[in-house]
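The values are calculated or read from the model by the stated rules, or taken from the named source; none is laboratory data. These numbers come from a predicted model, not from an experiment. A quick note on method: Cβ atoms are made from the backbone with ideal geometry, for glycine too, and the neighbour counts reach across all protein chains shown.
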Amino acid sequence: MSWKRLWIPLSILPILGLLAYGFRTDPRAVPSPLVGRPAPSFTLALFDGGRLDLDDLRGKVVVVNFWASWCYPACYEEAPALQEGWRAYRDRGAVVVGIDIQDTEEGARRFIEQFGLTFPNGPDPGGKISIDYGVYGVPETFFIDRQGRIRAKHVGAVTAPLLRERLEALLEEPA
Amino acid sequence: MIPEVGFAAIAVALALACYGMAASALGATRERPALVASAQYAAIGIFVLLAVAMLLLVYAFLSFDFSVRYVAMNTNLGTPFYYRITGLWGALEGSLVLWTWMLAGYTLLVVAFYRRRQRDLYPWVLAVLMGIMAFFLLVMTVPASPFQRLAPVPVDGRGLNPLLEDTGMITHPIFLYLGFTGFTVPFAFALAGLILGRLDEAWITVTRRWTVLAWYFLSMGLLIGGWWSYHVLGWGGYWAWDPVENAAFMPWLTGTAFLHSVMIQERRRMLRVWNLLLIILTFSLTLFGTFLTRSGIIASVHSFTQGTIGAFFLAFIALVLLFSLSLLAWRADRLRAQGELDSLISRESAFLLNNLFLVGATFTVFLGTVFPLLSEAVRGVKVSVGAPFFNYVSIPIFLALIFLMGVGPLVAWRRASWDGLKRNFLWPVAIGAAGALVFFLLGVRHALALLTLGLVLFVAATMVHDFWRGTRARMRTGHGPLGAMADLALRQHRRYGGFVVHLGVLLVAVGITGSQVFVVQTETSLRRGESLEVGRYQVRFEGLEAEEKSNHFLVTGVFTVVNDRHTVGRMFPGKKFYPQEQQPIAHVAYRSTWREDLYLVLGGFSRDGQLATVHAMVNPLVSWIWFGGVVITLGTALLVLPGRRRDG
C-alpha cells in the first residue's frame with residue numbers, strides 16, 4: 001500500500017476520539033440549583049408510626065434518600081449500602097432518612113422488610129417533598145450538613161464508599 | 001435453570017461464530033472447501049441456538065420469572081400478554097438477541113443462495129458475517145447478558161416502559177432491525193471483494209436485492225417509528241430530530257445514496273471507491289446508532305446508560321472502520337474507474353448530485369447530533385441542538401433531492417440533448433409551475449409550501465408522462481391500454497418499481513409539508529357541556545370516565561365532535577397513570593381522514609369531572625405520510641420481483 005493513502009483510515013481517528021471522550025461526560029449531570037441552599041424542611045409520617053421533622057435534626061448530618069419499591073435495580077443496589085451507612089455512622093451524628101415516592105404502601109413495606117432497613121422511612125403522599133427537592137427520578141440522594149444546607153446531590157444508586165466519603169467529610173465540619 | 005441454559009446457548013453460539021469465522025477464512029486462503037462447509041454448519045448452529053435463547057427468554061417473560069433481571073426490568077404482573085412477548089425487545093439485551101438472530105437468519109439465506117454461485121467471494125462473506133455475529137454474541141455474553149440473574153428476586157417486576165405498550169412498538173423495532181442487519185450483507189460482500197481484490201461489479205449485482213430490501217425495512221422502521229411517536233407521545237408530531245431518531249436516519253441517508261450510486265457503477269463502472277465507502281459508512285452508522293443510544297454519551301428521551309456496553313460498541317466501530325478503510329486504501333490502485341463523466345447534464349451527474357446531497361444531509365445530522373459532545377470537549381460548555389438547526393439546514397437539501405427525483409430517472413445517460421430535455425421536461429415543468437400557481441390562487445401563501453407542492457407535482461408529472469409514453473408505445477404493438485400498462489410495469493419492473501417508491505416518497509413529502517405548515521391548534525379548559533373550536537370542528541366536553549386496567553389507571557375524557565353541524569362522533573382522549581411513572585402518559589385520540597387529522601390530548605382535569613383541559617390540533621394531510629409507506633411497500637414489491645431481465 002502506498003503510505004500516502006494512510007490518511008483514509010486515519011481520518012476517522014478524531015471522530016473516534018471525540019466519541020471516546022463522551023464516556024467521560026454525563027449529559028444528565030445537570031447541577032442542582034439547590035446545592036448550597038438551606039434544605040427545604042418537611043415532616044414525614046414514618047411507616048413505623050412515628051413522625052420525623054427535618055428541623056429537629058439540625059446539628060446532625062442528614063442523608064435524604066428518595067426511593068421506590070419498583071425501582072430496579074438501582075434502589076435495590078443501594079439499600080444495603082444505606083442501611084450499612086446508617087448503622088456505622090448513627091452514633092457519630094449522622095441520620096439516614098428514606099422517602100418513598102410514587103409507590104404503594106404494601107410494596108414499600110415489603111421492600112423495607114426485605115432489606116431489614118431500620119433508619120426512618122416514610123411515604124411522600126402527593127409528592128410534596130420530592131417536588132420541593134426537585135427530584136427527577138429515583139433514586140436520588142441529598143446530603144445535608146450540620147447547618148441544614150444541602151451540600152451535594154447524587155443521582156442513581158449510592159455506593160458504600162461514596163456514602164462513607166461524603167459522611168466523613170461532612171462530619172468533620174464543626175456544628 | 002432456564003437462565004443458565006439460555007446463557008449457555010449464547011456462549012456456545014459465540015464459540016461457533018469464532019470457529020466459523022476462522023474456518024471460513026482459512027478455508028478460503030488454503031482452498032479447503034471442507035472447512036468452509038463446516039462453517040456453514042456453525043451458521044446453522046448459531047441460528048438454532050439463538051432461536052432457543054429467544055424462546056427461553058419469551059418463556060421467562062410469560063412465566064414472570066423475575067429472577068431474570070431483564071424480565072424484572074421489562075415486565076410486571078399486570079403487563080398484558082402480547083406485551084410480555086414484545087417485552088423481549090423492550091430494551092437493549094433482548095433487542096440484541098433478536099438483532100443477532102436476524103443476522104443469523106440472513107447468514108443462512110446467504111449460505112442458501114450463494115454457496116454455489118459465488119464460489120470465490122462466498123467464503124469471505126461468510127467469514128465477515130460470522131465475525132460480526134461474534135461481536136454481538138460477545139456483547140450478549142459479557143456486558144449485556146439477557147439472562148443475568150437478579151438477587152434478591154423481587155416479588156413484582158418494574159414493568160415495560162409504558163410508552164412501549166403500543167402496536168407501533170411491536171413492529172417498529174422488527175422493521176428497523178431487519179433494515180440494520182440487512183445492510184450487513186452488502187457490507188460483507190464489499191469487504192469480501194476488497195479482501196480478494198476482486199473489485200469488479202460482482203458484489204454490487206449480487207447484493208442489489210438485499211440493498212433494496214434493507215433500505216425498505218429501514219424506511220418502514222422509520223415511518224412506523226414516526227407513526228408511534230405521533231399517536232403515543234401526544235404532542236402531535238412524528239419527528240423531533242432526537243439523537244435516537246437521527247441515529248436511525250443517518251444509515252437511511254447513506255443507504256439511500258448507496259442504492260442510487262450503485263446504479264451508476266453497474267452501468268458505467270464509475271464510483272467504485274465511493275460505493276465501497278458508502279456501504280462501509282452505512283454499516284458503521286447502524287452500529288453507531290446502537291452505540292449512541294445505549295452508551296449514554298448523549299442525552300435523549302430514549303437513551304439510558306448501560307455500563308460498559310458503549311465501550312464495546314465503540315471499540316467494534318473503530319475496528320470495523322480502521323479495518324475496512326485500510327483495506328480500501330490498500331486496494332485503491334485496483335479501483336480506478338473505467339468510465340468517466342461525459343457531461344454535466346446527464347443521468348450520472350444527477351445521481352452524483354443526489355449522492356452529494358444525501359451525504360451532505362448525513363454530515364449535517366451527524367454534526368448536529370454530536371455537537372453537544374464537541375462543544376463540551378472544546379469549550380467546556382453544555383449545549384443542546386434543537387429541531388430549528390436541523391430543519392434550517394435539511395429542508396433545502398430535501399427540496400433539492402425531490403427535484404433530482406424528477407430529473408434523474410428521465411435524463412439520458414452520458415450526455416443529454418437539448419431536444420431530449422425538452423421532450424421529457426417541458427410538460428412536467430409546466431404542470432409543476434401551474435400547480436404552484438393554482439395553490440397560490442387558492443390562498444396558499446407559504447413560500448416553502450408552494451415550492452414543495454410545485455416540485456412534487458413536477459416529479460409526479462415526469463413519472464406519469466414517462467409511463468404514459470411507454471404505454472402508448474406498447475399499445476402500438478397491439479396491447480389494450482391496461483394490458484400495455486401491466487406489461488410495461490412488469491417488463492421494466494426495476495424502473496417502474498423505483499417510480500412507485502418515488503411516488504410514495506412524494507406522498508410522505510406532501511404529508512410532512514401539510515402537517516408542518518398548516519397545523520392549527522388550541523388549548524382550552526372546558527367545563528362540562530362547553531365546546532371549543534378548532535379548524536372546522538367543534539369539540540364539546542361531555543365528562544370524564546375512569547377505569548382500572550391491569551397495570552395502570554385510565555382516566556378518559558368524553559368529547560363529542562361536530563363538523564359543520566354534523567355530529568361525526570365521540571372521541572376519548574385519556575391519561576394513563578402507571579404506578580412506576582412520575583408522569584401520567586397521554587392516551588391520544590385522533591380521527592384520520594385523507595384531508596386532515598383531528599387530534600385530541602387530555603391535559604389536566606378536576607377530580608369531580610366538571611372541568612378538563614384539552615389540547616386540540618388539526619393536522620392536515622398527516623395520513624398521506626402513512627399512505628406513502630403503503631405505496632413504498634408496493635413499489636418495493638414490484639422492484640424486487642424476480643426474473644424477466646432486460647431492466648430499464
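The set of residues in the range B:542-577 that are in a loop (DSSP other than H, G, I, E, B) and either more than 14 Å from chain A (Cβ to nearest Cβ) or among the aliphatic types (A, V, I, L, M) (or both) comprises B:LYS549, B:SER550, B:ASP564, B:ARG565, B:PHE572, B:PRO573. Selection of strands (runs of 3 or more DSSP E) fully inside the range B:582-635 by the criterion of at least 3 residues being on the phi < 0 side of the Ramachandran plot and at pLDDT 90 or above returns B:589-592, B:596-605, B:611-620. Of all the residues in the range B:72-91, those that are within 14 Å of chain A (Cβ to nearest Cβ), of a type outside the set (S, T, N, Q) and in contact with a Lys or Arg (Cβ under 9 Å, 6 or more places away or on another chain) number 3.
Residues that are within 21 Å of A:ILE131 (Cα to Cα) and not in a strand (DSSP E or B) within the range A:44-55 comprise A:LEU46, A:PHE47, A:LEU54, A:ASP55, listed in sequence order. Taking B:THR141 as the residue in question, decide whether it is over 22 Å from the mean Cα position of the chain (by Cα) and polar (S, T, N, Q). Criteria met by B:THR141.
Annotation note: Cβ proximity below 8 Å between a residue of the range B:578-600 that is within 14 Å of chain A (Cβ to nearest Cβ) and a residue that is of a type in the set (Lys, Arg) and not in a strand (DSSP E or B) (sequence gap 6+ or interchain) occurs for B:GLN580/B:ARG158.
Being part of a helix (DSSP H, G or I) and in contact with an Asp or Glu (Cβ under 9 Å, 6 or more places away or on another chain) is the filter here; which residues of the range B:388-425 pass it? The one that is part of a helix (DSSP H, G or I) and in contact with an Asp or Glu (Cβ under 9 Å, 6 or more places away or on another chain): B:ASN424. If you take the residues of the range B:135-164 that are among the small types (Gly, Ala, Ser) and under 15 Å from B:ALA8 (Cα atoms), which of them is modelled with the lowest pLDDT? The qualifying residue modelled with the lowest pLDDT is B:ALA144.
Whenever a residue of the range B:389-400 is not assigned by TED's automatic domain parsing to the domain that holds B:THR513 and surrounded by 15 or more Cβ atoms within 10 Å (Cβ to Cβ), its partners that are assigned to a helix (DSSP H, G or I) and among the aromatic types (Phe, Trp, Tyr), lying with C-beta atoms within less than 7 angstrom and at least six residues away or across chains, give the pairs B:ILE397/B:PHE357; B:ALA400/B:PHE357.
Taking each residue of the range B:252-269 that is under 23 Å from B:GLY289 (Cα atoms) and looking for partners that are among the hydroxyl-bearing types (Ser, Thr, Tyr) with beta-carbon atoms closer than 7 Å, six or more apart or interchain, yields B:TRP252/B:SER219; B:LEU253/B:THR362; B:THR254/B:THR282; B:THR254/B:THR362; B:GLY255/B:THR282; B:PHE258/B:THR211; B:PHE258/B:THR282; B:LEU259/B:THR211.
Scanning the range A:54-72 for residues that are closer than 18 Å to A:LEU162 by Cα and either within 13 Å of chain B (Cβ to nearest Cβ) or among the hydrophobic types (A, V, I, L, M, F, W, C) (or both) turns up A:VAL61, A:VAL62, A:VAL63, A:VAL64, A:PHE66, A:TRP67. Taken residue by residue, the range A:121-134 has at least one member that is of a type in the set (Gly, Ala, Ser) and modelled with pLDDT of 90 or more. Without any contact (Cβ under 8 Å) to a residue 40 or more places away in the chain, within 26 Å of A:GLU173 (Cα to Cα) and not aromatic (Phe, Trp, Tyr), is that true of A:ARG58? Against the criterion (without any contact (Cβ under 8 Å) to a residue 40 or more places away in the chain, within 26 Å of A:GLU173 (Cα to Cα) and not aromatic (Phe, Trp, Tyr)), A:ARG58 does not qualify. Reported count of residues in the range A:56-88, each being part of a helix (DSSP H, G or I) and more than 17 Å from the chain's Cα centre (by Cα), is 4. Name the residues in the range A:107-139 that are of a type in the set (S, T, N, Q) and crowded, with 16+ Cβ neighbours inside 10 Å, would you? Scanning the range A:107-139 gives A:ASN121, A:SER130. Could you check the range B:145-174 and list, in sequence order, the residues that are within 14 Å of another protein chain (Cβ to nearest Cβ) and either assigned to a helix (DSSP H, G or I) or charged (D, E, K, R) (or both)? Correct list: B:ARG149, B:ASP156, B:ARG158, B:PRO162. Of all residues in the range B:338-349, none satisfies being buried (at least 18 other Cβ atoms within 10 Å of the Cβ), within 14 Å of chain A (Cβ to nearest Cβ), in contact (Cβ under 8 Å) with a residue 60 or more places away in the chain and assigned to a helix (DSSP H, G or I).
Across the range B:440-492, the number of residues qualifying as outside any helix (DSSP H, G or I) and surrounded by fewer than 17 Cβ atoms within 10 Å (Cβ to Cβ) comes to 9. Among residues of the range B:545-569 that are over 14 Å from B:SER531 (Cβ atoms), those with a beta-carbon under 6 Å from a residue that is part of a loop (DSSP other than H, G, I, E, B) and among the hydroxyl-bearing types (Ser, Thr, Tyr) at least six positions away or on a different chain give the pairs B:ASN551/B:THR79; B:HIS552/B:TYR578. B:ASN563 fulfils the conditions (1) surrounded by fewer than 15 Cβ atoms within 10 Å (Cβ to Cβ); (2) farther than 26 Å from B:ASN161 by Cβ; (3) at pLDDT below 90 except for a single criterion, (1). For the range B:308-336, the candidate set comprises residues that are of a type in the set (S, T, N, Q) and buried (at least 17 other Cβ atoms within 10 Å of the Cβ); within that set, the residue that is nearest to the other protein chains (Cβ to nearest Cβ) is B:SER326.
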